[in-house]
Structures are given as C-alpha cells and as structure tokens.
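Worksheet for the structure shown next.
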Amino acid sequence: MTVSQTPPDSVADAERKEQERPERTEEPEQTKQTEKPEKPEQGEKSGQEEQQPEKPLLKNLDFQALWTSEAFAALAKETAEVAYPLLILSSTGSAFYAGAVGSAQLITASLLSIPGGTLADRMDRRLLMIICNVVRVVLLGLFGALILADQTHPALIFGIAVGSAACLGISNPTGLAAIKQLVPPSQLTQATAQNQIRYFAATMGGPPVGGTLFGVARAFPFLSAAVGFLVSTVLLLFIRKPMKVEQLAPGEKRNTAEGFRILARQPVLRLLIVWIMGSNMAFTHSGVFLALIATAESRGASAGFTGMLLSIAGVGGLVGSLIAGPVIKRFAPSKLFLTAAWIGPVAAVLLANVSGLVPLGIIVACVFLRGPITSALFLAYLAAMVPDKAQGRVLGAVMFMSMIAAPVGVFAIGTIFDQAGPVWVFTVMAVVSGLAALPTLSPRIRNLAPPETYADTVSVDAKPADEASADTTASATEPSDKAPADNEGETR
C-alpha cells in the first residue's frame, strides 16, 4: 500500500497559506466595520428625516426684530421727509429750493444704493444698518437742537437732508438682503409681502405725524425721527442669528458692477426690471400726485377736496400691502404680473377720458393697489434666485434702476401738463406704460413657476443656467476628437 506523502515544499506552502488565511478573512471584516457606519441606523435616519419643523414667520423672532426695526426707521424717515419742505418754506419762502432739496435727496439715495449694495455683500449687514441708523440719530438730533437755537441756514438744511438720504441709500439694499439670511426659502414670498405693509403704513402715517409735530414746534419732527432711528438701532440688537456674509474665496472679487450683470444675464429678472422701470416712470407716486393736483386745480377743486382725492389714491397702496400675502398665495405669479402690467395702460386711458375728480382718485387707487403685490413677488424671485453673497449688489442695482426712472417721469408730467394739459399727460402715461408692459408677454413670464423653485439658480461671475446648459449640449454633440484638446486646456 502506497501512502502518499506531502513533499517538504508543499508542507511549507501549506503552512504559509494557513498563516495568510486569517489576513484574508479579516480583511472583509475590517472593510465591513469601516463601511458599517456609513449606513445610518434606524434612529439616526429617523432623526434626519424628522428635522426641526419650520417656524411660522410670525414666530421667527429674528425676522420680526428686523421688520420692526425697519418699520421704526421707515416711520422716522417719512416724518422727517415731510418736515424738510415745510421748514424751507417757512424759513426761506422758496418753493424752488424745497424742490431742489427733494430732488437732491432722491438722486443721492438712488446713487448711494449701488455702493450700499456692495457694502452689504462685504460686511456684517446688521452692523452696517446700525451704523446708518446711528449716523441719522446724530444728524437729526443735532439738527433739531440747532432749530431750537434758531439756526436754520439753507445750506445746513441741504446738508442734513442729503446726509440722511445717503444713509437711506446704503441701508435700503442691506435691509432687504438680510431677509434671505433670516428666512427659509419657502417663506421668502411671505416675508417680502410683510415688508410692503411696513413701507406703505409708514408712507401713510409718517406725513401726518410730521406735519402735526411741525405745527407744535419746528424741531419736533426731526427730534422724533432721531428717537425713531434710535429705537430701530436697539431692535437690531435683538437679532441673534449671525448676519455676516460669506467670506471671499481665494481670487474672488465682488465687483459693484456684478449686480447689473446678474440682472442682465437672468432672463426673468431682466424682463421684470424693464417693466418696473417703465412703470415707475409712468406711475411714480410723485408724478401721479402732481398730475392729480394739477388736474384738480384746473377743474376748480378746493385744496381740501384735492387732499381728499390724494387720500383716496393713496389708500390703494396700503390696501395692496395688506392683501399682498393672500393674493400671492392664491394666484399664479404669471397671472399677477400680466394683470399688474396691463392695468397701467388701461388705467391711463381711463384717466384721459373720464370726467369728474373722484373717479380719478379711484382709478389711481387701483393702480397703486398692484404696487405692493408685484414688488413683494419680484423681490421674492430675486431673493430666491440670487446667492446670498450677491444679494446686496443686485438689490442696489434694482433700486438704482427703479428710482432713477422716477425723476424723469415727474419732470415729463410737469412739462407736458404745462404745454398740453391733463389729457395729453395721461395719454403719454398710457403709451409709456404700454410699451413697458410688453416684456411681460414673453413665454418666460407667462410660464413662470413659483419663486422657491428658482432657489440659487443664478451663478455669480458665471454664465446663466440657460447658456450653460446650451454649452453643455453643444459640447456633448461635438466630435470626440476635440475632447483631448479640451482636457489639455483644462490641465493647463
């Protein structure tokens, strides 16, 4: 019987394999141990899915602190704004100088909104708003003290008014840009709608308060405005969430002109800002009120009746701000923009042909009704589309473009009225607003999705999404022999 024996070499090989076998068996276990944590356990998975529920906007204390602070600042601004012409008329008697100061304020605020937006993208936004408020507290407080001392030189009034307007131009884009830092994307539309209430309430409440205080003492409107800005500053301190902007990446430059470039590249924002500029030129508040006042006087209306007419027209904006939130929730954005755009020319045609004065106020009130709704919706799209680090610059560009059109409209309305009368004023308003409304017929506006679907779709210092996708499609269909050259270029 032959017994097969394992050769010595085979025995050595077998022993070596036996020693190596545990290493091979341990390796899968080691891999399994390293991969195991990557699979979330049931408790961890449920914890991720059940994230902290979204707070209602009214319970968002940071946003409400910002909103209340800005409300006090807006009321203070409107209170002082109406007192400047009253002070100039009482001290110099020059309506021309009062108008020049008002124009200088508007131009300063519009021009300073551009660097203001740039600053909002470079530094802590809460700190920037606090600085602007403190400067206005000092300016208006000292100005009130000087008025009490009977020191009201025209140059001093001009300097205080323009200095306050400069702070307004810087703080406006900053306050709007801060909304995206404090509010989740799903609540941006609601937040911008709530902002409209603040603006129009201050516009309605500030002038009567300022006029009443001026009647008591000429310094009181400015001293009360200083107190208002001080309260606004204190309320900003209650915002707990950090409001610092994303730090600059290596080699990144946040150019001021980038805000304008983003508006030009993004089709939706580009089409809407064209309409907004034309609409502001035709239906700016100052211009429409000038047209109503001149028309009422030409038809023999008393000063009291003219004031009532302006009140009827102004109520439209306040009502629009109150219903902006529910209306935006109920109706599609495309329908809202189309309706708002074409209300303008239709209303202007009616203004040119209707008889009587009360109907004029009602028609203008319907035009002003659309303002808060479309403003809230446009700002919601801007907040959703534009990254946080570019919010300030884009808002600065928007404010400059929308505000700079207003003086043109006011000047044109006054000139046309002197030369041809109210019918031609309203006819020109119909033509301008009609041409401005044409971009809203674009398929991009007619098929507009809700704002939250466009979250951060705008690239900063890059091509827009449509062009990028077109480039990707084009490169995908190009011959394959071009790929190595492209890769080589990327390597270089």
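For M277, the conditions (1) in contact with a Gly (Cβ under 9 Å, 6 or more places away or on another chain); (2) closer than 20 Å to A412 by Cα all hold with the exception of (1). The residue that is nearest to G169 (Cα to Cα), counting only those in region 90-99 that are in contact with a helix residue (DSSP H, G or I) (Cβ under 9 Å, 6 or more places away or on another chain) and surrounded by fewer than 16 Cβ atoms within 10 Å (Cβ to Cβ), is G99. Number of residues in region 191-222 that are under 13 Å from the mean Cα position of the chain (by Cα) and farther than 13 Å from A71 by Cβ: the value is 3. When A332 is tested against (1) buried (at least 22 other Cβ atoms within 10 Å of the Cβ); (2) at pLDDT 85 or above, exactly one condition is not met: (1). Which one is modelled with the highest pLDDT among residues in region 262-305 that are assigned to a loop (DSSP other than H, G, I, E, B) and crowded, with 17+ Cβ neighbours inside 10 Å? Within region 262-305, the match that is modelled with the highest pLDDT is Q266.
Table: residues versus (1) farther than 27 Å from S334 by Cα; (2) at pLDDT 85 or above; (3) surrounded by fewer than 17 Cβ atoms within 10 Å (Cβ to Cβ).
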site: F411; (1), (2), (3): yes, no, yes
site: G421; (1), (2), (3): yes, no, yes
site: V432; (1), (2), (3): no, yes, no
site: L435; (1), (2), (3): no, yes, yes
site: L438; (1), (2), (3): no, yes, yes
site: I445; (1), (2), (3): no, yes, no
site: T453; (1), (2), (3): no, no, yes
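Of the residues making up region 100-137, just one is crowded, with 24+ Cβ neighbours inside 10 Å and among the acidic types (D, E), namely D121. If Q151 meets every condition in (1) more than 27 Å from S110 (Cβ to Cβ); (2) in a helix (DSSP H, G or I); (3) not charged (D, E, K, R) apart from one, which number is that one? Condition (2) is where Q151 drops out. The requirement of being farther than 19 Å from R393 by Cβ and either touching a Ser or Thr at 6+ places or on another chain (Cβ under 7 Å) or at pLDDT 85 or above (or both) is fulfilled nowhere in region 167-181; no residue meets it. Return the residue satisfying two criteria in turn: it lies in region 353-369 and is more than 24 Å from the chain's Cα centre (by Cα) and part of a helix (DSSP H, G or I), and of such residues it is farthest from S279 (Cα to Cα). Out of the qualifying residues, it is V358. Of the residues examined, P372 is one that is touching a residue at least 12 places away in the same chain (Cβ under 8 Å), part of a helix (DSSP H, G or I), touching a Ser or Thr at 6+ places or on another chain (Cβ under 7 Å) and within 22 Å of Q196 (Cβ to Cβ).
Of everything listed in (1) farther than 24 Å from A202 by Cα; (2) without any contact (Cβ under 8 Å) to a residue 24 or more places away in the chain; (3) of a type outside the set (G, A, S); (4) surrounded by 18 or more Cβ atoms within 10 Å (Cβ to Cβ), the single unmet condition for I363 is (1). Among the conditions (1) at pLDDT below 85; (2) in contact with a helix residue (DSSP H, G or I) (Cβ under 9 Å, 6 or more places away or on another chain); (3) loosely packed, with under 15 Cβ neighbours inside 10 Å, A485 misses just one, which is (2). Out of E78, E70, one residue alone is buried (at least 17 other Cβ atoms within 10 Å of the Cβ), modelled with pLDDT of 90 or more and among the acidic types (D, E). It is E70.
Picking from residues in region 79-98 that are closer than 11 Å to F222 by Cα and not aromatic (F, W, Y), the one that is farthest from the chain's Cα centre (by Cα) is L87.
The values are calculated or read from the model by the stated rules, or taken from the named source; none is laboratory data. Quick caveat: nothing in here was measured; it's all calculated off a predicted structure. Here the Cβ is made from the backbone with ideal geometry for all residues, glycine too, and neighbour counts use every protein chain on show.
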